[in-house]
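Peer 1: Have a look at this one before I ask anything.
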Amino acid sequence: MSSIIGYYSTQFGELWKKSLFDLVKESVEGVLKENYIEMKQIDAIFFGNMLSGVLENNLHSSAKLSEIFHTNVSIFRVEAACASGGMAFHLAKQYLDAYSNKTVLVIGAEKMTDYSPEETTDALAAAASEEEQNAGLTFPGLYALMAQAYCERYHYTEEHLAHIAFKNHYHGSLNEKAHFKNKITIEQILKSAYVAHPLKVLDCSPISDGAAALLVTNDSKKTKHKVEILSSEVATDVISLKNRKDLLGLKSVRIATQKAYLQARIKPDQVDVAELHDCFTIAEILAMEDLGFWKKGSGGKMAKELVTMHGKSKKLVVNTSGGLKAAGHPVGATGVKQIGEIFLQLTNQASTRQVKSAEIGLTHNVGGSGGTAVITILRG
């Protein structure tokens, strides 16, 4: 069985003085140094990145990594919109399933703040359908449509959504690498400006820079920390919202989740800690239902009760890193950071945000508005 044996993340945030490859180099050197491993011991590299080809006019980043790290191993650049990091990890696991006694690096990175808001927004919109782009719909608008449909169907308000942001900012305040370490109040969230009704500024994840790296192996050598990969599953769906039968959840997530639970041989109630793709507050509520943690339609009520908050939850704690909402969302790095946070939790390295006796963790990484979903289940 393949296992994660190391993790390192850069700071997430507005990192003006560092380039994309500065961040990549920091994350890789960090994870190698902490685990006493040299680059010559790495058999392959999987690099999750969404935007460098659009924003930086740089598509051949695999060769750039070869140059930086003085290696001639196989290097794969992986793009799956905001699920690029999770997909890179998934493909790394497939590689390890095919070859024995190998150790690989999984890297996720993005540099987003060096560009104008308009440039970055246009680049992100490339993960939506052409029709949606031509209609002027950006991702806040697409998720706002889902939020409108959900709140209308189940009679919830903006206050129910706000509790997701409140919880995740509290968790972010415990994470020294988070983009935002400040706690926020429900009143502040509700008074923040609308981006796309009913979503406000404080319902939305930020534009961030950052990189994260994982060491993954099926080599039997002893290591200080080891987390087993029980499953990593992917599903895709149509790219356009108008071609979906249901806006009250993501079909790709439900399909990938069913496969992941089956492969891992666990049930939802066995998960102790999860990192979910809360690009917008409504996304975490929909995910909790799609993943089988909450009953359909109960999400608003459960969110308001803060049942997955550190210090309050009796079982499942969600987005201990702060999620995308507070930890930040450098899109290519997010899926790797999510898995890294679960690695920290399952090896008792999560400091003040440590979930007591966590044994099984799950990550949920979504590309676009649900066109791609990657579900990973890990065991400490």
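The numbers here are math on the coordinates, done by the rules we state, and not lab data. The shown structure was predicted, so the numbers you read here are calculated from the model rather than taken from an experiment. Here Cβ is always computed from backbone atoms with ideal geometry, including for glycine, and neighbour counts include all displayed protein chains.
Peer 1: Quick one: longest stretch of the chain between exposed loop chymotrypsin sites (Phe, Trp or Tyr not before Pro), exposed meaning at most 16 other C-beta atoms within 10 Å and loop per DSSP?
Peer 2: The reported range is 100-380.
Peer 1: Next question. Report, ordered by chain and residue number, the lysines lying within cross-link reach of Lys251, taken as a straight Cα distance under 21 Å and ignoring same-chain residues fewer than 8 apart.
Peer 2: Straight-line reach from Lys251, under 21 Å: Lys242, Lys259, Lys267, Lys295, Lys296.
Peer 1: Within segment 278-380, list the GluC sites (Glu not before Pro) lying in a DSSP loop whose Cβ has at most 14 other Cβ atoms in a 10 Å radius.
Peer 2: Glu305, Glu359
Peer 1: Given the options Met87, Met146, Met50, state which has the largest fluctuation in a GNM of the chain using a 10 Å cut-off (strictly under) for Cα springs.
Peer 2: The residue that fluctuates most here is Met146.
Peer 1: Please determine, in degrees from 0 to 90 and to the nearest 10, the orientation of helix 281-290 with respect to the longest principal axis defined by the Cα atoms of the chain, where the helix direction is its Cα long axis.
Peer 2: 80
Peer 1: Please state the charge dipole magnitude for the chain, taken about the Cα centre, from unit charges on C-beta atoms (+1 on K and R, -1 on D and E), reported in debye and rounded to the nearest 20.
Peer 2: 1320
Peer 1: List the trypsin sites (Lys or Arg not before Pro) within segment 1-107 that DSSP assigns to loop and that have no more than 12 neighbouring Cβ atoms inside 10 Å.
Peer 2: The qualifying sites are Lys17.
Peer 1: Place a point 7 Å from the Cα of Val54 along the Cα-to-Cβ direction; which residues of segment 87-130 have their backbone N under 17 Å from it?
Peer 2: Output list for this probe position: 109-130.
Peer 1: Quick one: what are the phi-derived ³J(HN,Hα) couplings along segment 153-158, Karplus 6.51/-1.76/1.60 with θ = phi - 60°, whole Hz, x for glycine and proline?
Peer 2: 5, 10, 6, 9, 10, 4
Peer 1: Reachable aspartates and glutamates from Lys325, Cα under 12 Å, same-chain residues fewer than 8 places away excluded?
Peer 2: Candidates past the 8-residue exclusion: Asp203, Glu275, Asp278, Glu284.
Peer 1: Using just the helices of the chain, give the 222 nm mean residue ellipticity in deg cm²/dmol: DSSP H runs with n ≥ 4 each add -39,500 (n - 2.57), and the total is spread over all residues, rounded to 500.
Peer 2: That calculation yields -11500 deg cm²/dmol at 222 nm.
Peer 1: While we're here: Using label points projected 7 Å from each Cα along Cα→Cβ, tell me how many nm separate Asp114 and Met1, to one decimal.
Peer 2: The answer from the label model is 4.2 nm.
Peer 1: Let me ask you something else. Could you run the Karplus curve 6.51 cos²θ - 1.76 cosθ + 1.60 with θ = phi - 60° over segment 87-95 and give me ³J(HN,Hα) per residue in whole Hz, x for Gly and Pro?
Peer 2: In residue order, the calculated couplings are 5, 4, 5, 4, 5, 4, 5, 4, 4 Hz.
Peer 1: Still on this structure: As I understand it, the dipole of the chain uses +1 on the Cβ of Lys and Arg and -1 on the Cβ of Asp and Glu, about the Cα centre. Which of Leu346, Ala260, Leu65 lies farthest toward its positive end?
Peer 2: Leu346
Peer 1: Calculate how many DSSP beta bridges within the chain are antiparallel, expressed in % of all such bridges and rounded to the nearest 5.
Peer 2: The antiparallel fraction comes to roughly 70 percent.
Peer 1: Additional query: Applying 1/(1 + (r/R0)^6) with R0 = 51 Å to the Cβ-Cβ distance of Lys40 and His155, what FRET efficiency is obtained, to the nearest 0.05?
Peer 2: Once rounded, the FRET efficiency stands at 0.25.
Peer 1: Something else: What residues have an amide H closer than 5 Å to that of Val195, excluding those fewer than 5 places away on the same chain, when H is modeled at 1.01 Å from N in the peptide plane?
Peer 2: HN-HN under 5 Å from Val195: Lys200, Val201.
Peer 1: Could you check which residue among Lys259, Lys315, Lys221 shows the biggest mean-square fluctuation in a GNM of the chain with a 10 Å Cα cutoff?
Peer 2: Of Lys259, Lys315, Lys221, the most mobile in the Gaussian network model is Lys221.
Peer 1: Further question: Kindly express, to the nearest 10 degrees and within the range 0 to 90, the angle between helix 20-34's C-alpha long axis and the longest C-alpha principal axis of the chain.
Peer 2: 60
Peer 1: Return one number: the angle in degrees, 0 to 90 and rounded to the nearest 10, between the long axis of the Cα atoms of helix 251-264 and the longest principal axis of the Cα atoms of the chain.
Peer 2: That works out to roughly 50 degrees.
Peer 1: Quick check: pseudo-label points 7 Å beyond the Cα along Cα→Cβ at Asn182 and Asn72, how many nm apart are they?
Peer 2: About 5.2 nm separates the two model spin labels.
Peer 1: Under 13 Å from the Cα of Lys111, which aspartates and glutamates turn up, not counting those fewer than eight places away in the same chain?
Peer 2: Result set, ordered by chain and number: Glu14, Asp22, Glu56, Glu119, Asp209.
Peer 1: If you average the sequence gap of Cα pairs under 8 Å that are 6 or more apart and divide by the length of the chain, what percent do you get for the contact order?
Peer 2: 27
Peer 1: List the GluC sites (Glu not before Pro) within segment 143-243 that DSSP assigns to loop and that have no more than 12 neighbouring Cβ atoms inside 10 Å.
Peer 2: Here the sparse-neighbourhood loop sites are Glu176.
Peer 1: So what's the gap between the Cα centers of segment 19-90 and segment 251-298, to the nearest angstrom?
Peer 2: Their Cα centres are 28 Å away from one another.
Peer 1: If a/c stays under 1.5 just call it rounded; otherwise compare a/b with b/c (prolate if a/b is bigger, oblate if not). Do that for the chain, with a ≥ b ≥ c from the square roots of the Cα gyration tensor eigenvalues.
Peer 2: Working: a/c = 1.55, a/b = 1.29, b/c = 1.20.
Prolate shape, in that a/c is at least 1.5 and a/b is the bigger ratio.
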